[in-house]
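Rule-based calculations on the coordinates, nothing more; no lab input. All figures in this text were calculated on a predicted structure; none of them were measured in a lab. Quick reminder, even Gly has a Cβ in these numbers, built from the backbone with ideal geometry, and neighbours come from all protein chains shown.
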Amino acid sequence: MQIPIEYYLILSAFMFSVGIVGVLTRRNAIVVFMSVELMLNSANLTLITFSSYLGDATGQLFVFFVMAVAAAEAAVGLAIIIAIFRNKLTVNIDEINILKW
Amino acid sequence: MMINLIYLTVLFPLFGFLFNGILGPKIKNEKVIGIIGSGTIGIAFIIAVVALFETLALPVDQRLTIVTLFQWIDVAGLNIHFAYQVDQLSLVMSLVVTGVGFIIHVYSIGYMHGDKSFWRFFTYLNLFIFAMMNLILADNFLLLFLGWEGVGLCSYLLIGFWYDRKFEKSTTASAGLKAFIVNRIGDFGFLLGMFLIYSSFGSLIFTDVFSRALSFNVPEHIFTLIAIFLFIGATGKSAQIPLLVWLPDAMAGPTPVSALIHAATMVTAGVYMVARCSIIYASAPTAMMVVAVIGVFTAFFAATIGLVQNDIKKVLAYSTISQLGYMFLALGAGAFSAGIFHVMTHAFFKALLFLGAGSVIHSMHDVQDIRQYGGLKKYMPVTYGTFLVAATAISGIPPLSGFFSKDEILWYSYANLGIVFWLIGVITALLTAFYMFRLYFLTFEGKEKFDSHKTHPHESPKLMTVPLIVLGVLSAIGGFIGIPEIFSGEHGNLFHTWLAPVFKAAEIKLMNIGSHSHFEEILFMAISIVAGVGGIFYARYVYLKKPAVADKTASRFKGAYNILLNKYFLDEAYEASVVNPIVKGSENILWKIADNRIIDGTINNLAKLVDNISGKIKKIQTGVAQSYALVMILGVLIALLWLIISYS
């Protein structure tokens, strides 16, 4: 028997919400970063779901792209965080507010 | 036909101007610059002479040629050409300007020898002749105005030629500025007159305007307005009351400049312009009266100031103003050709007086105070002889040129205006003879008042004395072309007959053929000769025989003497009534209130307002990335909500 599509979508939406709350509330830049990855993966899950549901491979192809870009982005993002840490000796994003006036 | 090449008299000076202006600083050779500078004027003079003889060969009613160069302005009915009008009047003026101009150019080669800006001097002089020829030969008011402004510019440049020298209380540059600004006031009047001519007659071309002035039904008050406006322009250029204050200060320039521009040519432009517009003036009797009154009063007042001045050039400057007043008196009396005749003879003897003064100043090492001269006769025989000729000519002693022209003016002022004008004219003639011979006796006769150990007066070089001799001959015999008709018979006055066609229309309109007997004319002539001789002998008595008389008279009439010495406080009056209010008003109102408070204040306060508002708004930017993300997500949520709601 097949698992209905709603299950996948609800799981995906839950993961996305967890990601959002993580991004908005956590103080540690690394955790914020992980939350962003969570959101990305929830989007991937949605893509795969619809791909298999519609019998179209395009969605799965996109997921590969997303994973590749996400890997690259993770590398750059982590490098930035390390650079900030070396400068400010913290990764607490409350204290990294140099965008201010 | 050389007449059709008349534009060359304009182009040659232009060439000289460009050549000396562009190459002069590199050549640095005074000979080359001087030859180009005066040679171009000499060629222009020859062309003008040939054109004169060609015109003489033409029948009297065909002596007007218009030479068109190219179209200048063509817009909405206003059609102006660069066109030159060759007729009797413009030929006389061209000959005076190029002829006297050439002589003065040659003289300048000697006078300006060794000056660090020798080339600049000749550049300006050539530009001046170029502008002056445009003024004289123009066939329309606009081209005349172009020349009018051009000579004003050159006058400014040349007055301030020695811009690093002191002049009286300020600098020569500010004297030039004064001349320029006072002239600008007159030019404003000239412009208004030109606008009014265009709106009344629909053209600016002389021949059109003057024929329409006869045929169009234009009310007299319009003519009066036009004539008065144009005359305001003339008072500026020709230094008449009330705009005469600039000419004495113009003496800050080099002496050849004073001779050429501020005595012989440019200042007579006003006389020329009024004579050119004779028909307009003849149609406006009120304006004619204004011209005559201003002229006679200027002649008288300037002569009284000339009595007490001690600077040799200042005396000559006031004498120039006074003689210009005579010319305007002639124009106001309707004796246009007499006015132009005096322009010509005055150009001869006044240029000679200035050049003679220049020669004296040259040899006395820039001392200009006549009280420090004396006895120069034996050191400078040529200067002395020619100066005496010029002084006698200007005093109106027959048979020198000044007698004929001045006497013609005096006669017409009696015949056409009345005995009062004649009387003031004769008194002025007496004053003229007196101050001119005061100048002569103090300079050339009597005891030497300079320190003969320090100063060694010497005759000037040939380059300067030959021009003096040429002008001396002209001053002596120049009057014979205008012998009064009572002596020479009908049409015996060559000058008058020559110019008659130009002024015919105006003279018919004026109908000034008074019935005066020959006895009267000869009587009045005799009186004016007696006045001239009397002035000379009184000057001789006061300044040669009894030098104490002068000081005694001065101290007895101290008040009057001071008023004259200070030129009726005219400069001070203008300073208090016009200059100071403008300067103070500009400083206290325009600068400190209008500019600093209103204009700057508005801008600064606007900037402050923006600064304040943005200072408050900027607090929104916390710099915490998470709060930006929160706002973004809220936005996305609202958008989603809106989509969902709008679907159902």
field: Principal axis dimensions, largest first and in whole angstrom, of the protein assembly as shown by Cα
entry: 150, 69, 51
field: Residue-averaged 222 nm ellipticity for the protein assembly as shown, from DSSP H runs of 4+ at -39500 (n - 2.57), nearest 500
entry: -23500 deg cm²/dmol
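Determine, for A:Val76, B:Val96, B:Val624, the number of other Cβ atoms within 10 Å of each Cβ, and report the residues in order from fewest to most. Don't skip to the answer; put the middle values down first.
On the way: A:Val76 9, B:Val96 25, B:Val624 16.
Going from least to most buried by this count: A:Val76, B:Val624, B:Val96.
Loop by DSSP (not H, G, I, E, B), at most 12 other beta-carbon atoms within 10 Å: where is the longest site-free stretch of chain B for trypsin sites (Lys or Arg not before Pro)? Don't jump to the answer; show the numbers that get you there.
On the way: sites that count: B:Lys28, B:Lys116, B:Arg165, B:Lys169, B:Lys447, B:Lys454.
Formally, the longest exposed-site-free interval is B:170-446.
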message: Show me the GluC sites (Glu not before Pro) within the range B:472-572 that DSSP assigns to loop and that have at most 12 other Cβ atoms within 10 Å of their Cβ.
response: B:Glu490
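What is the dipole size for chain A, taken about its Cα centre, with +1 at each Lys and Arg Cβ and -1 at each Asp and Glu Cβ, in debye to the nearest 20?
Values: 5 positive and 6 negative charges, 90 e Å.
Around 440 debye, computed over chain A.
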query: In debye to the nearest 20, how big a dipole does chain B give about its Cα centre with +1 on each Lys and Arg Cβ and -1 on each Asp and Glu Cβ?
result: 1980
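Going through the range B:159-233, which chymotrypsin sites (Phe, Trp or Tyr not before Pro) have at most 13 other Cβ atoms within 10 Å and a DSSP loop state? Show your work: numbers first, answer last.
Numbers: sites: B:Phe161, B:Trp162, B:Tyr163, B:Phe167, B:Phe180, B:Phe188, B:Phe190, B:Phe195, B:Tyr198, B:Phe201, B:Phe206, B:Phe210, B:Phe216, B:Phe223, B:Phe229, B:Phe231; in loops: B:Phe161, B:Trp162, B:Tyr163, B:Phe216.
Filter output for the range B:159-233: B:Phe216.
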- request: Would you please state which residues of the range B:296-321 a label at B:Tyr568 would reach in this model, taking the label point 7 Å out along Cα→Cβ and a backbone N cut-off of under 19 Å?
  value: B:296-310, B:314-321
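Which of the trypsin sites (Lys or Arg not before Pro) found in the range A:29-101 are loop residues per DSSP with 12 or fewer other Cβ atoms within 10 Å of their Cβ?
A:Lys100
Can you give the FRET efficiency for B:Leu23 and B:Ile185, using 1/(1 + (r/R0)^6), R0 = 51 Å, r = Cβ-Cβ distance, to the nearest 0.05? Write down the numbers at each step before the final one.
Details: r = 37 Å, r/R0 = 0.73.
That gives a FRET efficiency of 0.85.
Report the calculated FRET efficiency for B:Gln621 and B:Ile598 (r = Cβ-Cβ distance, R0 = 60 Å), to the nearest 0.05.
On the way: r = 36 Å, r/R0 = 0.60.
FRET efficiency, B:Gln621 to B:Ile598: 0.95.
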field: Which listed pairs, of B:Lys313/B:Lys462; B:Lys350/B:Lys504; B:Lys237/B:Lys462; B:Lys169/B:Lys552; B:Lys26/B:Lys166; B:Lys313/B:Lys406, have C-alpha distances above 26 Å, in listed order
entry: B:Lys350/B:Lys504; B:Lys237/B:Lys462; B:Lys169/B:Lys552; B:Lys26/B:Lys166
message: I'd like the orientation of helix B:401-412 relative to chain B: the angle between its Cα long axis and the longest Cα principal axis, in ° from 0 to 90, rounded to 10.
response: 80
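Between A:Val21 and A:Ser52, what FRET efficiency comes out of the Förster formula 1/(1 + (r/R0)^6) with R0 = 22 Å and r the beta carbon distance, rounded to 0.05? Please report the intermediate quantities before stating the final value.
Details: r = 28 Å, r/R0 = 1.29.
Once rounded, the FRET efficiency stands at 0.20.
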- request: Report the dimensions of the range B:140-565 along its three principal axes from the alpha-carbon atoms, largest first, rounded to Å.
  value: 73, 53, 45
Radius 12 Å from Cβ of B:Phe341, net charge of other residues (Lys, Arg +1; Asp, Glu -1): -1
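Jot down the per residue volume, in cubic angstrom and as a whole number, of the convex hull over the alpha-carbon atoms of the range A:5-88.
Enclosed volume per residue, from the Cα hull, is 61 Å³.
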field: 3J(HN,Hα) from dihedral phi, the range A:2-18, Karplus parametrisation 6.51/-1.76/1.60, rounded to Hz, x for glycine, proline
entry: 8, 7, x, 4, 4, 4, 4, 5, 5, 4, 4, 5, 4, 4, 4, 5, 4
